[in-house]
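The block underneath contains the structure these notes are about, expressed in structure tokens.
The values are calculated or read from the model by the stated rules, or taken from the named source; none is laboratory data. Since we're looking at a predicted model, the values are computed, not measured. For neighbour counting, all protein chains shown are included, and Cβ atoms are generated from backbone atoms with ideal geometry for every residue, glycine included.
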Amino acid sequence: MRIAHISDIHCTFGSDFNPKMFDKAVKTLNKFEADIVFISGDLTTEGLLSEYDLAKEKLKQIESKLAIVPGNHDERNLGFKLFPEFFGEPSFVHTYDDLNFIGFASSEPDKDTGRLGRKRHKIIEKAIKETSKMTVIGFHHHLIPVPNSGREANILDDAGETLDIILRNEVPLVLMGHRHVPWGVKIHKTLLMNAGTFSCNRTRAHFGNTFNIVDIDDDVIEVTVVNVGEEKEKKMIEFNLEDGCCVNRNYD
Ligand SMILES: [Fe+2]
């Protein structure tokens, strides 16, 4: 199964959004023919109706099935009321052929910080108990500090408790965004992955606009980072769930 993980699109009529880069990124993305495209939030910049309209229109170019959670920017200015109208339930458990995908809205209106809370922790535990399939969890905020993303800010308020639930339950894969840089690390039996920004002008240093391709094949998860502007891809991580071995080229 192939998941394309994209994040932080930042559709707006202000300076955040790079429409040319978006169009180029979607063309590249469609070539990967992913089974699911997971969008880990910040589809807009201010949560405005005009931005939601723009995001909805732009996302029509994506040819794969979408799974979408909101980010902190999407919940601004009553944007949290618009999100379900445009993109469906902000938190969900979707069952696909090979996996269970749990998506969470980690944001709260008009705050940049995020939190999952005990209710969502219980949803994780219940969903895992009820399935024999692999479970993947996705949300906007980061669970541990992300290198190359500046001074630490807006990590999940309950990051420790959330990490504990995820590690105890041996969730193999967690997909996050928010920091505008791609990164991944394996802790215990879990691979924590961050996608960079798909089409926002606020990129960091030379990271540019990127997205991640996540291939899940039997007991192996492979992650390739695709740099849209440079038209380059790099296989970043190979995680063997069977023997726990993880090759991480972030640290070659
Ligand atoms: Fe964000």
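For the range 76-85, check the following and say yes or no: at least one residue is touching a residue at least 24 places away in the same chain (Cβ under 8 Å), within 16 Å of the ligand (Cβ to nearest atom), under 19 Å from residue 165 (Cα atoms) and surrounded by fewer than 21 Cβ atoms within 10 Å (Cβ to Cβ). Looking for residues that are touching a residue at least 24 places away in the same chain (Cβ under 8 Å), within 16 Å of the ligand (Cβ to nearest atom), under 19 Å from residue 165 (Cα atoms) and surrounded by fewer than 21 Cβ atoms within 10 Å (Cβ to Cβ), one finds none in the range 76-85, hence no.
Being outside any helix (DSSP H, G or I), over 14 Å from the mean Cα position of the chain (by Cα) and among the basic types (Lys, Arg) holds for only one residue in 111, 126, 81, and it is 111.
Against the definition (out of contact with any strand residue (DSSP E or B) (no Cβ under 7 Å at 6 or more places or on another chain) and modelled with pLDDT of 95 or more), how does residue 130 come out, yes or no? It would help to see each step written out before you state the result.
Values: out of contact with any strand residue (DSSP E or B) (no Cβ under 7 Å at 6 or more places or on another chain): yes; modelled with pLDDT of 95 or more: no.
For residue 130, the condition - out of contact with any strand residue (DSSP E or B) (no Cβ under 7 Å at 6 or more places or on another chain) and modelled with pLDDT of 95 or more - is not met.
Say whether the condition of being touching a residue at least 12 places away in the same chain (Cβ under 8 Å) and over 22 Å from residue 1 (Cβ atoms) is met by at least one residue in the range 233-243. No - not one qualifying residue is present in the range 233-243. A search for C-beta distances below 6 Å between a residue of the range 144-168 that is loosely packed, with under 13 Cβ neighbours inside 10 Å and any residue that is assigned to a loop (DSSP other than H, G, I, E, B) and modelled with pLDDT of 95 or more, counting only pairs 6+ apart in sequence or on different chains, returns 152/145. Counting the residues of the range 209-252 that are surrounded by fewer than 17 Cβ atoms within 10 Å (Cβ to Cβ) and in a loop (DSSP other than H, G, I, E, B) gives 10. Just to be sure before I move on: is residue 51 of a type outside the set (Ser, Thr, Tyr), within 15 Å of the ligand (Cβ to nearest atom) and outside any strand (DSSP E or B) in the structure I sent? So residue 51 passes the test.
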